[in-house]
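Asks: What follows is a single structure, and I will ask about it in a moment.
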Amino acid sequence: MPHVGSGVSFLMIMKDALRSFQQELANVNKTGVHVKALSFNFKEWEPQTSRQDQFLSLLRSNEILRATPLNAAPEQPGTIIGSAAAIINVLKHLPLEGPGSEIGLLVAGEGSRLWGVCLAAGAVKGLVRVLGRTLLEQGFLQTLLLLGDSPHQGRDMVLVAGTDNILLPSAFPLHAGQRRFAQCVDRHFFFFSKEMPVLDEQGNPVSQQELDALAQLGVLILGDDGATPIEFAEKAPPDEIVRICRAHGRRSVFINAFIFALTKPAAQYYVEAFTQPSRAGARPLYLAQDFDWSRHVLEPLTIETQVEWDARYTEKQRCVFPDVADWNRLYAIAREFKAKFGPPAAVSIGTDALWYDAGLSKDLVDLHRLALPSNPIAPLLRGLFSLPLEGNVVRSELNGAQVDSNALVVGSAFRAGGRVEPGAIVCDTIFESHVVIPRNTVVIASRIHSIAGSAEGTLIYGWRGAGPLELKEGGAHFTAALRPDASAENQEESERPCSADCHGVFPLDVNPKDNHAEPVFWRHYNANERVGERYISQPFLWTSTPPAPLDRLGFDALLSQGRVRMPPST
């Protein structure tokens, strides 16, 4: 029987993920890596809700993870704004001592940019399914892959990975400059990085499209040893990236793939440095709003003089660290770290490596399409998700359904046959009647009676319903389980009809950060994640539930208001 995602229940989805975790951990010795401890960080720990307790109790109920140190709520309840705060928080809840690898997984947050997909996946981005696995699971498997090629197979190391970043090296063994990664026993801090071209052989810039993509990332220039970063630029304009390369005589830069490895003493140093107040009455640095790992931890490691660091104290940085003493403390920590442990090292994952940020719904679709039989990178991606390197039907019941040679069906069942057209991908889904899956459509973790319409290139995630699903052009279709909010202050609005299941469709290509309309939905993000900015305003193509009840359904209220059905904890 293929797995069918519930589409709504945080606990049910998490239990499924942990069952797979247990199987992977049971085989961990095959990689030569001994995992001593796991720690998780979920971005939105919210006060006065039961989500935190449910999340931790569920993890601890797993036989293998029962004794594993797990992160609790941060000292300041609410949304963890900065990436560095999340990393320090996950390191705080690891033992950081003794033999054995320790792994910190950033489970991301509630998925503001993946919106309806994450709502259908329990409002936890790390639990979104990709090719039959959750992002949380694939993040764990990535860490085993990287630790297995590290010094002493990672037995003295801590590795931190964001579960929404998929990283697949294209060449083994891994190298840090001229040395194998496994031979770098004298280094204490590593970041995994992909080389990206900036200038061609004639010294001219590569395509503007590639430069524009680099401008959205953090890029590094490495020294003559090919491992030590000597300059870091975060989201620099294309012209500035070209100037930096020419100034250093380089034709390429390295991008930070946001997976880090540290020796335990180095990790312990950072925890103590950033969690202890630098002076009486000051708050720990890691609690600063928008404390960023790249900008505030990596970048100062590349700065040679205090004068250079002073020049980077811009108006934007004054908003993060209003007291210049805190800004200078960041640089002091970097100097102390290099004096104790030496500089960090970039570990190359290969020029053809896959590095993917599953941020938007369109990204989720594009990521699945990389696994199609016609895609040359398919074997690399399929290997991570334990799929056969070839073939297009895996663990599925077709009952006469015809699957195009350039389509993919994984863990699904067609009860009455049907047809899967070219470019379509179906994972963890049951179809009750004869269906035709249009071209380039991606269907994930759903239970569908029938499909109406022939709109191509759509996303269907967590959909379930007794009637036909009418496809809407360019839409991301989802289902969330809701019930009327009897405790709402405005009783008249709460009495408006609200079905047990809310079916919704929103534009597949919408980037909430680029939408500057007045906020209507998810006020939690507008009020917490980017204070002062209009962060979320998702237009709907269609919804089965009137807007007013949805408007009240902020993610922060999902559990406290009881508007998502939760199964018993036993």
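Asks: What's the total number of residues in region 336-348 that are touching a residue at least 12 places away in the same chain (Cβ under 8 Å), open to solvent by 40 Å² or more (accessible area, probe 1.4 Å) and out of contact with any Ser or Thr (no Cβ under 7 Å at 6 or more places or on another chain)?
Replies: 3
Here is a yes/no grid of residues against (1) among the aliphatic types (A, V, I, L, M); (2) open to solvent by 10 Å² or more (accessible area, probe 1.4 Å); (3) farther than 29 Å from residue 287 by Cα; (4) within 28 Å of the chain's Cα centre (by Cα):
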site	(1), (2), (3), (4)
210	no, yes, yes, yes
213	yes, yes, yes, yes
228	no, yes, no, yes
247	yes, yes, yes, no
250	no, yes, yes, no
253	yes, no, yes, yes
259	yes, no, no, yes
265	no, yes, no, yes
270	no, no, no, yes
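Asks: Return only the number of the condition from (1) open to solvent by 10 Å² or more (accessible area, probe 1.4 Å); (2) in a helix (DSSP H, G or I) that residue 400 does not satisfy.
Replies: Every condition holds for residue 400 apart from (2).
Asks: Turning to a different aspect of this structure: Among the residues in region 234-256, are any in a loop (DSSP other than H, G, I, E, B), touching a His at 6+ places or on another chain (Cβ under 8 Å) and either over 30 Å from residue 108 (Cα atoms) or modelled with pLDDT of 95 or more (or both)?
Replies: No, region 234-256 contains no residue that is in a loop (DSSP other than H, G, I, E, B), touching a His at 6+ places or on another chain (Cβ under 8 Å) and either over 30 Å from residue 108 (Cα atoms) or modelled with pLDDT of 95 or more (or both).
Asks: Still on this structure: Looking at residue 439, is it over 21 Å from residue 505 (Cβ atoms) and either out of contact with any Cys (no Cβ under 8 Å at 6 or more places or on another chain) or open to solvent by 10 Å² or more (accessible area, probe 1.4 Å) (or both)?
Replies: no
This table checks each residue for (1) assigned to a helix (DSSP H, G or I); (2) touching a Gly at 6+ places or on another chain (Cβ under 6 Å); (3) small (Gly, Ala, Ser).
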position: 173; (1), (2), (3): no, no, no
position: 185; (1), (2), (3): no, no, no
position: 196; (1), (2), (3): no, no, no
position: 202; (1), (2), (3): no, no, no
position: 210; (1), (2), (3): yes, no, no
position: 213; (1), (2), (3): yes, no, yes
position: 220; (1), (2), (3): no, no, no
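Asks: Would you check if there is a residue in region 292-300 being assigned to a loop (DSSP other than H, G, I, E, B), among the polar types (S, T, N, Q) and within 24 Å of residue 326 (Cβ to Cβ)?
Replies: no
Asks: Within region 202-242, which residues are among the polar types (S, T, N, Q), out of contact with any helix residue (DSSP H, G or I) (no Cβ under 8 Å at 6 or more places or on another chain) and farther than 17 Å from residue 176 by Cα?
Replies: Across region 202-242, the qualifying residues are 202, 204, 207, 209, 216.
Asks: So, one more: Kindly establish whether residue 313 is out of contact with any strand residue (DSSP E or B) (no Cβ under 7 Å at 6 or more places or on another chain), without any contact (Cβ under 8 Å) to a residue 60 or more places away in the chain and not in a strand (DSSP E or B).
Replies: In short, yes.
The values are calculated or read from the model by the stated rules, or taken from the named source; none is laboratory data. Please read all numbers here as calculations on a predicted model, not as lab measurements. Please note: Cβ atoms are built from the backbone with ideal geometry, for glycine as well, and neighbour counts cover all protein chains shown. Quick note on the areas: whole protein, heavy atoms, side chains included, nothing else; ligands and nucleic acids left out. Shrake-Rupley method; radii C 1.70, N 1.55, O 1.52, S 1.80 Å.
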